[in-house]
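Right, one structure below, let's go through it.
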Amino acid sequence: MRLTRRAFSKLAGAGVAAAAAPQLFAPAIAQDKPFKIGIIAPRSGVAGTAGECGIRAVQWAADRMNKEGGIAGRKFELVIEEETNPKDTIERFRRLVLQEKVESVHGLISTGVSLGVAPVAEEEQSLLVMWDGTTQDGVKEVMPKSRYVFRSTDNECEAVMASLLAVKHFKGKFKRVAGINPDYSYGRNNWEAFRQILARYGVEAEFVAEQWPKVGTLDLTSHIAALKAAKPDLIFSSMLFADLPVFMKQGAAAGLFDGVKVVLPAAGWQLNQLKKEFMPEGVIFGHNTLYFDHPQASPLQKAFVQDYMDRYKEAPHWEADRAYFALASYKAGVEAAQKAAKKWPTPDMVAEAMPGLEVESLGGKGRFRKDKIAEQVFYQGPSTNTNKYDFPTLASIDTFQAEQLQKPPGADFWEWIKTAKMPV
């Protein structure tokens, strides 16, 4: 029988908890001993490289924090589980909470998985601080008043920013627009946001082609042929898995990008695989919340990027920042709650303390709103191949705050996008 915390409370009231779960009456771990934080992230499949980048960053952060005294004077250990399908990931989440007795769980990248895990976190009354994904069905909230679940910035932020930059940098330079986007809610929402922002800014464009490859499709020749036949002046694509480098390489070989503007709001996830040999100049290139080569980077970012590149021989992307931000925010919440209560805080105390606390993350300062949705800094801009790397960097950097890119608490995304005050 699976025993949740809520079920345990009921058993305790009935006087049978000791028989049902005697292991829960073991002496509490002394507070001078390390506590545990659970990590759930993909390590294989289409999101495996993203998950590994986040895991590397949180391990780096944990080592750094523990050397400086840990969290509220206690050192901690990471217990890592893999994110796969919703069913198996939910079971791993429960194992972390009920068997490993972690104080909180961080991670999750897939929206579909987070939609399954987040309600379980609320049921178990366990803190869940998400790296990415979102507990939204498309852009409709399904958990508008979570108590224990802290969510990433809206998935559509990078699409809104890329659309605004397409207006800023390309307005008047294109008339025929095509899109190739992954065939699930993220891709469809990004494409629709792009279309609506162009219309809002009075950009007259003819939409000549839409292609919807399934996630993970690596033979894109038929999609590329259809796009080329449509003769677009601009191509928008929110692909972000291993299919994006394949698309760019196959498209370049077919001459798809000759004289064509390209907008890639989520390209940063595949930064190291997007080689200069097939990447055109001047792509609107999204780095989300971490641009590794920022000339005004903080000392924290510089130290992390140098260590990361020295060790792994590649550049980190935004999942590193999301993992660091989750841990830094949790640390700030624990320490604020511990200071107020004069004792090691409960999950409820930490959940109350975290919103509004500003922390320094790898990509800049960030915080969680009162509704437990993150606000961070976003980076994009036109790309250049003139650099010391074998992949593009940014020729110029546009920097937006998340509050400029995502709907406020309780708002409908599609209504907000029609009237929001935007930075371009």
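Of note:
- Among the residues of region 257-269, those that are open to solvent by less than 10 Å² (accessible area, probe 1.4 Å) and either over 30 Å from E403 (Cβ atoms) or in a helix (DSSP H, G or I) (or both) comprise A267, G268.
- The single condition among (1) open to solvent by 10 Å² or more (accessible area, probe 1.4 Å); (2) of a type outside the set (V, I, T); (3) in a loop (DSSP other than H, G, I, E, B) that A209 does not meet is (3).
- Of all residues in region 48-91, those that are aliphatic (A, V, I, L, M) and free of Cβ contacts under 8 Å to residues at least 40 places away in the same chain total 1.
- Options T386, T393, T419; residue that is farther than 30 Å from E68 by Cα, β-branched (V, I, T) and open to solvent by less than 20 Å² (accessible area, probe 1.4 Å): T393
- Scope region 317-347; condition of a type in the set (D, E, K, R), in contact with a strand residue (DSSP E or B) (Cβ under 9 Å, 6 or more places away or on another chain) and either over 20 Å from A50 (Cβ atoms) or open to solvent by 10 Å² or more (accessible area, probe 1.4 Å) (or both); matching residues: K331, E335
Residue-by-condition table, conditions (1) without any contact (Cβ under 8 Å) to a residue 60 or more places away in the chain; (2) more than 22 Å from the chain's Cα centre (by Cα); (3) not assigned by the TED database to the domain that holds M161:
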residue: L271; (1), (2), (3): no, no, no
residue: M279; (1), (2), (3): no, yes, no
residue: L327; (1), (2), (3): no, no, yes
residue: A332; (1), (2), (3): yes, no, yes
residue: A351; (1), (2), (3): no, no, yes
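- Residue among N85, N66 that is surrounded by fewer than 19 Cβ atoms within 10 Å (Cβ to Cβ) and either over 22 Å from T135 (Cα atoms) or in the same structural domain as Q273 (by the TED database) (or both): N66
- Out of E319, E352, sole residue that is in a helix (DSSP H, G or I) and in contact with a Cys (Cβ under 6 Å, 6 or more places away or on another chain): E319
- Residue among A225, A193, A159 that alone is within 28 Å of V46 (Cβ to Cβ), out of contact with any His (no Cβ under 7 Å at 6 or more places or on another chain) and free of Cβ contacts under 8 Å to residues at least 60 places away in the same chain: A225
- Search result, residues across region 368-413 that are in a strand (DSSP E or B) and more than 23 Å from P316 (Cβ to Cβ): I373
- Scope region 307-316; condition within 19 Å of the chain's Cα centre (by Cα) and surrounded by fewer than 17 Cβ atoms within 10 Å (Cβ to Cβ); matching residues: none
- In region 212-246, the qualifying residues are those that are among the acidic types (D, E) and more than 22 Å from E319 (Cβ to Cβ), and the one that is most open to solvent (accessible area, probe 1.4 Å) is D219.
- Among the residues of region 156-168, the one identified as of a type outside the set (A, V, I, L, M, F, W, C) and either surrounded by fewer than 22 Cβ atoms within 10 Å (Cβ to Cβ) or touching an Asp or Glu at 6+ places or on another chain (Cβ under 7 Å) (or both) is K168.
- Residues located in region 101-123, provided they are touching a strand residue (DSSP E or B) at 6+ places or on another chain (Cβ under 9 Å), buried (at least 21 other Cβ atoms within 10 Å of the Cβ) and outside any helix (DSSP H, G or I): V102, E103, S104, V105, H106, G107, L108, I109
The values are calculated or read from the model by the stated rules, or taken from the named source; none is laboratory data. These figures come from a predicted structure and were not determined experimentally. Cβ: placed from backbone, ideal geometry, glycine included. Neighbour counts: every protein chain shown. Note: accessible area is taken over every heavy atom of the protein model, side chains too, but ligands, DNA and RNA are not part of it. Shrake-Rupley method; radii C 1.70, N 1.55, O 1.52, S 1.80 Å.
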